[in-house]
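Asks: Have a look at the structure that comes next, please.
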Amino acid sequence: PIEPWHIGGPVVKGFGRGSKVLGIPTANLSTEGYASLLSEHPSGVYFGWAGLSTRGVFKMVMSIGSNPYFNNTEKTIEPWLLHDFDEDFYGEELHLIIVGYIRPEANFSSLESLIERIHEDGRIAEEALELPLYSKYKDDSYLKIST
Ligand code: ADP
Ligand code: MG
């Protein structure tokens, strides 16, 4: 188990690839001010809880890294909230508690294998977050954002 940590800010625009290319939307956070946090935590896939200012608390699975499949040069922080939303929420305040680590960042030989792996990560996160060890964090006050 890892020591839980948190990160938050408004949801920003990314490259728009999550939904369009992968069919998996990721609510990008700005990495500004998070250089030391990002260097402390290796690139990879994590899971935890996400609080959205006007919508509540949701399970999430998150990539931190440079997305080798897409050859990015900058690291991004990209949580996929495991919930179906009717609309986008760009600009909304999003707070994350990261409670677990799934795997290191990897490259993939095809888009299909990347998508398949992300869905697998999502299933792992779904299940793990039901365990008392991880589910208790959904009540953390950091996730209840008052505006
Ligand atoms: P971008 O590159 O701008 O991040 P994406 O294709 O990754 O674009 O889509 C992300 C956006 O989709 C989020 O910023 C959010 O407004 C919206 N969205 C809708 N449903 C979800 C979800 N389940 N998880 C994350 N973001 C979602
Ligand atoms: Mg995204």
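Asks: Of everything in the stretch 5-40 that's touching a helix residue (DSSP H, G or I) at 6+ places or on another chain (Cβ under 6 Å) and either assigned to a loop (DSSP other than H, G, I, E, B) or at positive phi (or both), which residue is nearest to ligand 2 (Cβ to nearest atom)? Outline the logic, then answer.
Replies: The first filter runs over the stretch 5-40 and keeps only residues touching a helix residue (DSSP H, G or I) at 6+ places or on another chain (Cβ under 6 Å), leaving 6, 22, 24-26.
Cutting the leftovers down to either assigned to a loop (DSSP other than H, G, I, E, B) or at positive phi (or both) gives us 24-26.
Values: Ile24: 9, Pro25: 6, Thr26: 3 Å.
Looking at the filtered set, the residue picked out is Thr26.
Asks: Further question: With the requirement that a residue be assigned to a helix (DSSP H, G or I) and over 17 Å from the mean Cα position of the chain (by Cα), what does the stretch 65-115 give you?
Replies: First, the residues of the stretch 65-115 that are assigned to a helix (DSSP H, G or I): 68-70, 111-115.
Passing the criteria: Tyr69, Phe70, Leu111, Glu112, Ser113.
Asks: If you don't mind, there's one more thing I want to ask. Pick out the one residue from Pro25, Pro42, Pro10 that is touching a residue at least 40 places away in the same chain (Cβ under 8 Å) and away from ligand 1 (no atom under 13 Å from the Cβ). Explain how you work it out, then say what you get.
Replies: Details: Pro25 fails: away from ligand 1 (no atom under 13 Å from the Cβ); Pro10 fails: away from ligand 1 (no atom under 13 Å from the Cβ).
Going through Pro25, Pro42, Pro10 in turn, just one is touching a residue at least 40 places away in the same chain (Cβ under 8 Å) and away from ligand 1 (no atom under 13 Å from the Cβ): Pro42.
Asks: Those residues that are surrounded by 14 or more Cβ atoms within 10 Å (Cβ to Cβ), at pLDDT below 95 and among the β-branched types (Val, Ile, Thr), I need them from the stretch 1-57; list them, please.
Replies: Those that are surrounded by 14 or more Cβ atoms within 10 Å (Cβ to Cβ), at pLDDT below 95 and among the β-branched types (Val, Ile, Thr): Val21, Thr31.
Asks: Condition (residue is in contact with a Pro (Cβ under 8 Å, 6 or more places away or on another chain), assigned to a helix (DSSP H, G or I) and within 20 Å of Gly51 (Cβ to Cβ)) applied to the stretch 118-137: is it met by at least one residue?
Replies: Taking the stretch 118-137 first, the residues in contact with a Pro (Cβ under 8 Å, 6 or more places away or on another chain) are 133, 137.
Now drop any that are not assigned to a helix (DSSP H, G or I), which leaves 133, 137.
Pick out the ones that are also within 20 Å of Gly51 (Cβ to Cβ) and you get 133, 137.
Yes, the stretch 118-137 contains a residue that is in contact with a Pro (Cβ under 8 Å, 6 or more places away or on another chain), assigned to a helix (DSSP H, G or I) and within 20 Å of Gly51 (Cβ to Cβ).
Asks: Separate question: Mind counting the residues in the stretch 41-64 that are assigned to a strand (DSSP E or B) and among the polar types (S, T, N, Q)?
Replies: If we filter the stretch 41-64 for residues that are assigned to a strand (DSSP E or B), which is where we start, we get 44-52, 56-64.
If we keep only those that are among the polar types (S, T, N, Q) as well, we get 63.
Within the stretch 41-64, residues that are assigned to a strand (DSSP E or B) and among the polar types (S, T, N, Q) number 1.
Conditions (1) among the aliphatic types (A, V, I, L, M); (2) modelled with pLDDT of 95 or more; (3) surrounded by fewer than 18 Cβ atoms within 10 Å (Cβ to Cβ), marked per residue:
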| residue | (1), (2), (3) |
| --- | --- |
| Glu74 | no, no, yes |
| Glu78 | no, yes, no |
| Phe89 | no, yes, yes |
| Leu96 | yes, yes, no |
| Val99 | yes, yes, no |
| Ser113 | no, yes, yes |
| Arg117 | no, yes, yes |
| Ile124 | yes, yes, yes |
| Glu127 | no, yes, yes |
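The values are calculated or read from the model by the stated rules, or taken from the named source; none is laboratory data. These numbers were taken from a predicted model, which means no experiment stands behind them. With ideal geometry, Cβ positions are generated from the backbone for all residues, glycine too; neighbour counts draw on all protein chains shown.
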